[in-house]
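Below is one structure, written out as structure tokens, with a few remarks after it.
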Amino acid sequence: MHIKMLELMETKAKFLVTDASPEKVNALRRALMLDVPKMAIDDVEFHLGSSVDAEGNEYESISPVFDEIVAHRLGLVPIPTDLELFGYRDQCSCGGEGCPSCTIYYSLEKRGPCEVYSGDLSSLNGEIYRPKDELIPIVRLGERQGILAYAIAELGTGRKHAKWQATHGVGYKYYPTVTIDHSKCDNGGTCIKACPKHVMAFKDQKVQVVDNDACVLCEDCVKACRTGAITVKWSENKFIFEFETDGSLSAKVALAKALESLENTFDDFREKVASLEG
Ligand code: SF4
Ligand SMILES: [Zn+2]
């Protein structure tokens with residue numbers, strides 16, 4: 001299996017996979033979704049009772065939604081993750097007590113009326129762990145309502161809960177090849193109108209394939225073509241693969257981790273098979 005990067009952005013990657021099979025690319029898809037670790041808030045402690053601000057105004061520690069809903073929303077906020085630094089809490093040298101190598105501590109304090117956003121989370125480990133996406137709504141506080149909570153983020157994977165899934169929109173398609181037989185084509189342009197992905201266009205007064213990779217193999221162009229000039233084929237061992245991350249990790253790191261996890265899984269499998277043969 002070979003990978004050739006077509007587009008690499010901070011949180012998005014598109015690449016070509018060759019010498020592969022649907023089983024292999026699907027294994028990569030599953031590894032990206034389930035085996036790439038990231039930090040996520042897993043524990044939230046709410047301050048109960050009333051609080052008083054500097055002007056002497058009293059606020060009730062209450063919001064229009066249950067604490068569980070607020071905790072759930074905090075769990076889904078993408079937390080900046082440094083996989084070189086953080087390890088799993090239950091395997092950490094601190095014995096799971098929580099330390100800067102396995103845990104990020106946050107506080108959240110706001111008084112209404114106002115909106116509470118992900119950007120209101122303040123990290124006790126340092127400003128670099130402040131959520132990059134600052135405008136994820138958490139809750140709207142009314143008059144005299146306040147929230148004071150402490151949250152703990154730790155490392156996990158999508159196998160345990162979706163909040164630890166770093167990648168989204170993970171998918172692939174067979175590599176398409178769209179060809180136009182110009183000896184048959186009447187340049188009427190019906191295929192251009194039929195194609196949902198703008199694969200064909202007029203160029204030098206002829207219908208030409210201008211974006212082959214965008215083809216989704218729907219064959220609408222083949223049905224629309226009056227002269228049978230279009231052929232759409234796909235390769236059984238070549239795929240276009242795409243995914244995004246939620247921002248907690250870069251796409252490059254997520255892909256490297258998924259490939260590392262696949263390699264470890266196959267090594268493990270090989271060893272088990274070898275022990276059976278022995
Ligand atoms: S198969 Fe569908 S997406 Fe591909 S070129 Fe034809 S109409 Fe466009
Ligand atoms: Zn620790």
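The values are calculated or read from the model by the stated rules, or taken from the named source; none is laboratory data. Quick caveat, the model's predicted, so the values are computed rather than measured. Positions of Cβ are generated from backbone atoms using ideal geometry, with glycine treated the same way; all protein chains shown enter the neighbour counts.
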Do we have LYS173 as modelled with pLDDT of 95 or more, within 16 Å of ligand 1 (Cβ to nearest atom) and either surrounded by 14 or more Cβ atoms within 10 Å (Cβ to Cβ) or part of a strand (DSSP E or B) (or both) here? yes
Please verify whether GLU68 is part of a helix (DSSP H, G or I) and either surrounded by fewer than 17 Cβ atoms within 10 Å (Cβ to Cβ) or without any contact (Cβ under 8 Å) to a residue 12 or more places away in the chain (or both), treating the condition exactly as stated. yes
Quick check on this structure: which one of GLY75, GLY96 is small (Gly, Ala, Ser), modelled with pLDDT of 95 or more and touching a helix residue (DSSP H, G or I) at 6+ places or on another chain (Cβ under 6 Å)? GLY75
Tell me whether region 233-254 contains one or more residues that are among the acidic types (Asp, Glu), under 22 Å from the mean Cα position of the chain (by Cα) and either within 16 Å of ligand 2 (Cβ to nearest atom) or not in a strand (DSSP E or B) (or both). yes
Cross-chain or 6+ apart pairs with Cβ under 8 Å, region 135-146 first and exposed (fewer than 14 other Cβ atoms within 10 Å of the Cβ), then of a type in the set (Phe, Trp, Tyr): LEU135/TYR117; PRO137/TYR117
Just checking: which of the strands (runs of 3 or more DSSP E) contained wholly in region 78-162 hold 1 or more residues that are hydroxyl-bearing (Ser, Thr, Tyr)? 103-111, 114-117, 145-156
Being out of contact with any Cys (no Cβ under 8 Å at 6 or more places or on another chain) and part of a helix (DSSP H, G or I) is the filter; apply it to region 188-221 and report the residue that is surrounded by the fewest Cβ atoms within 10 Å (Cβ to Cβ). LYS193
